[in-house]
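Trainee: Input: one structure, supplied below.
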Amino acid sequence: MFDPVRLAKLSSEQLEVAKQWESDRSKRLACLDRMEAAEKLGDTEARDQAYKEYRANDPTRCAHDRSMWSNCGACLEIQKILFPENFEDEDD
């Protein structure tokens, strides 16, 4: 989960987006765990089903209905608050 001090800096709308990110991440990790377990058991059908679920939880659009592959200013603002260490080298 995200740092509570950083979460406190988010607006209510931003907080909802961050919560959705965490929920989506948890779902994807659970699918990966199921894929790994099925692979160890040699159950290709279960592995394929978990992979399909993983892909279904891999969004192509952000919470602001913008492409995940283009830069969404609103999502970038949230990321800068939650992960400032990733943006230390940027000149604002």
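Trainee: Consider Ala56 carefully, then state whether it is more than 21 Å from Asp3 (Cβ to Cβ) and under 17 Å from the mean Cα position of the chain (by Cα).
Mentor: Values: more than 21 Å from Asp3 (Cβ to Cβ): yes; under 17 Å from the mean Cα position of the chain (by Cα): yes.
The answer is yes for Ala56.
Trainee: Quick check on my filter: what residues within region 31-44 are in a helix (DSSP H, G or I) and either of a type in the set (D, E, K, R) or under 13 Å from the mean Cα position of the chain (by Cα) (or both)? Give the derivation first.
Mentor: We begin by selecting, within region 31-44, every residue in a helix (DSSP H, G or I); these are 31-41, 44.
Once the filter is applied, which keeps residues that are in a helix (DSSP H, G or I) and either of a type in the set (D, E, K, R) or under 13 Å from the mean Cα position of the chain (by Cα) (or both), region 31-44 yields Asp33, Arg34, Glu36, Glu39, Lys40.
Trainee: Within region 22-30, is there a residue that is surrounded by 13 or more Cβ atoms within 10 Å (Cβ to Cβ), of a type outside the set (D, E, K, R) and in contact (Cβ under 8 Å) with a residue 12 or more places away in the chain?
Mentor: No, that holds for no residue.
Trainee: When you go through Met68, Met1 one by one, which is the residue that is without any contact (Cβ under 8 Å) to a residue 60 or more places away in the chain, exposed (fewer than 14 other Cβ atoms within 10 Å of the Cβ) and touching a Cys at 6+ places or on another chain (Cβ under 8 Å)? Steps first, please.
Mentor: Numbers: Met1 fails: touching a Cys at 6+ places or on another chain (Cβ under 8 Å).
Testing whether each residue is without any contact (Cβ under 8 Å) to a residue 60 or more places away in the chain, exposed (fewer than 14 other Cβ atoms within 10 Å of the Cβ) and touching a Cys at 6+ places or on another chain (Cβ under 8 Å) leaves just Met68.
Trainee: Now, a different point. Being out of contact with any strand residue (DSSP E or B) (no Cβ under 8 Å at 6 or more places or on another chain), among the charged types (D, E, K, R), at pLDDT 90 or above and not in a helix (DSSP H, G or I) is true for just one of Lys9, Lys52, Lys27, Lys19. Which residue is that?
Mentor: Values: Lys52 fails: not in a helix (DSSP H, G or I); Lys27 fails: not in a helix (DSSP H, G or I); Lys19 fails: not in a helix (DSSP H, G or I).
Result of the check over Lys9, Lys52, Lys27, Lys19: Lys9.
The values are calculated or read from the model by the stated rules, or taken from the named source; none is laboratory data. All values derive from a computational prediction rather than experimental measurement. All Cβ positions, even for glycine, are placed from backbone atoms using ideal geometry, and neighbour counts span all protein chains on display.
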